[in-house]
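Chemist: One structure follows; several queries about it will come next.
The values are calculated or read from the model by the stated rules, or taken from the named source; none is laboratory data. Source: prediction; values computed, not measured. Glycine gets a Cβ as well: all are built from the backbone with ideal geometry, and neighbour counts include every protein chain shown.
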Amino acid sequence: MLLSALGLAGVLGCSSSGPNAPADAGGPDTGEDAGDVPLFIGPGNLNVTWTINGNPPATECAVVGAAFVEIQASFGSAMRLPCTQGMVSKMMLPANRLNVGARLLRADGSPIYEYVIPTTILSDQTVDATINFEPPGTLRVRWTVNGNSPTTECATTVANRVVIRVEGLDGYQAACSARQITFTRVPGATLAGLQPGRYAVTGQIINVTGSNSRVLQTLMAEGVVPSGGVGEVVLPFEAPPLPVDP
């Protein structure tokens, strides 16, 4: 079932679509929620700097086998730069919100990491953006129902579906009893894994009857994706019991 999504797919230079659905997800929830965008007048400037595993690129590029960094700061051509350069200034970008695509590449052009830097370009100002290339992680979103395991509790309530949306990613639905959805890939990315950092998570527990659906509860949380690890969020849903026949 196709649902409305919230999330913003990143701009990545030279990326291709891949199998984005988590293995334990029910169905995709794609789309975009642009939100309220302020009115900007005139262009602004952007400086991008990068580190690798938190260390200066002058020494760390060779450690991870990186030769180039590719920056896509607008809809124009991506800039491919020596990894050890450590920074680039992209002048005169349109003032707006945009996602700067950043890829760490080997000498043959194959990607090691590909991440996105959410950035707001302000009119007549210089904005600094920093990316730390480090091993990606994953995010597991689990839920309970009325304080109990959904494996058994969902069948005693009117709830039968759960929808999970994670900032910047596709949203997915699953059976209430599925217990969890794991997010492992950014839409459109060629590599598996999520950029380490904090992600806003929204979950809804739903009653679906035929073609009608009713949201029983909406919860919001924040998930942290650790470098090279698995982050976890638990949503404590509540749902009313099944009606009792008189």
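Chemist: V63 is checked against (1) in contact with a Cys (Cβ under 9 Å, 6 or more places away or on another chain); (2) hydrophobic (A, V, I, L, M, F, W, C); (3) exposed (fewer than 15 other Cβ atoms within 10 Å of the Cβ) and fails just one. What number does that condition carry?
Modeler: All conditions are met except number (1).
Chemist: Looking at (1) farther than 30 Å from I205 by Cα; (2) at pLDDT below 95, which one does P118 not meet, given that it meets all the others?
Modeler: For P118, the exception is condition (1).
Chemist: Condition (residue is over 30 Å from P57 (Cβ atoms), without any contact (Cβ under 8 Å) to a residue 12 or more places away in the chain and among the aliphatic types (A, V, I, L, M)) applied to the range 143-161: is it met by at least one residue?
Modeler: Checked the range 143-161: no residue is over 30 Å from P57 (Cβ atoms), without any contact (Cβ under 8 Å) to a residue 12 or more places away in the chain and among the aliphatic types (A, V, I, L, M).
Chemist: Separate question: When the range 191-226 is examined, which residues are found to be outside any strand (DSSP E or B) and under 14 Å from the mean Cα position of the chain (by Cα)?
Modeler: L191, A192, Q195, P196, P226
Chemist: Being more than 20 Å from I131 (Cα to Cα) and out of contact with any helix residue (DSSP H, G or I) (no Cβ under 9 Å at 6 or more places or on another chain), is that true of even one residue in the range 187-202?
Modeler: Yes.
Chemist: Here is a check on your reading of the model: is I117 closer than 27 Å to W50 by Cβ, more than 15 Å from the chain's Cα centre (by Cα), of a type outside the set (K, R) and surrounded by 20 or more Cβ atoms within 10 Å (Cβ to Cβ)?
Modeler: no
Chemist: In the set V163, V186, which member is crowded, with 18+ Cβ neighbours inside 10 Å, farther than 28 Å from L104 by Cβ and either of a type outside the set (K, R) or not assigned by TED's automatic domain parsing to the domain that holds I112 (or both)?
Modeler: On inspection, the qualifying residue turns out to be V163.
Chemist: Moving on to the next point. Looking at E70, E60, can you tell me which residue is out of contact with any His (no Cβ under 8 Å at 6 or more places or on another chain), at pLDDT 85 or above and assigned to a strand (DSSP E or B)?
Modeler: Only one candidate passes the filter, namely E70.
Chemist: Just one of (1) among the β-branched types (V, I, T); (2) more than 15 Å from the chain's Cα centre (by Cα); (3) surrounded by fewer than 19 Cβ atoms within 10 Å (Cβ to Cβ) trips up V230, so point out which.
Modeler: Of everything listed in (1) among the β-branched types (V, I, T); (2) more than 15 Å from the chain's Cα centre (by Cα); (3) surrounded by fewer than 19 Cβ atoms within 10 Å (Cβ to Cβ), V230 misses just condition (2).
Chemist: Another one. So which residues in the range 154-185 are part of a loop (DSSP other than H, G, I, E, B) and either out of contact with any Pro (no Cβ under 9 Å at 6 or more places or on another chain) or modelled with pLDDT of 95 or more (or both)?
Modeler: Residues satisfying the conditions are V158, A159, N160, E167, R179.
Chemist: Among the residues of the range 144-153, is any crowded, with 21+ Cβ neighbours inside 10 Å, among the β-branched types (V, I, T), in a strand (DSSP E or B) and at pLDDT 95 or above?
Modeler: Yes, there is a match, as at least one residue in the range 144-153 is crowded, with 21+ Cβ neighbours inside 10 Å, among the β-branched types (V, I, T), in a strand (DSSP E or B) and at pLDDT 95 or above.
Chemist: Step by step: first the residues of the range 73-111, then only those that are in a strand (DSSP E or B) and touching a residue at least 60 places away in the same chain (Cβ under 8 Å), then the one that is surrounded by the fewest Cβ atoms within 10 Å (Cβ to Cβ). Which residue is that?
Modeler: So the residue we want is R97.
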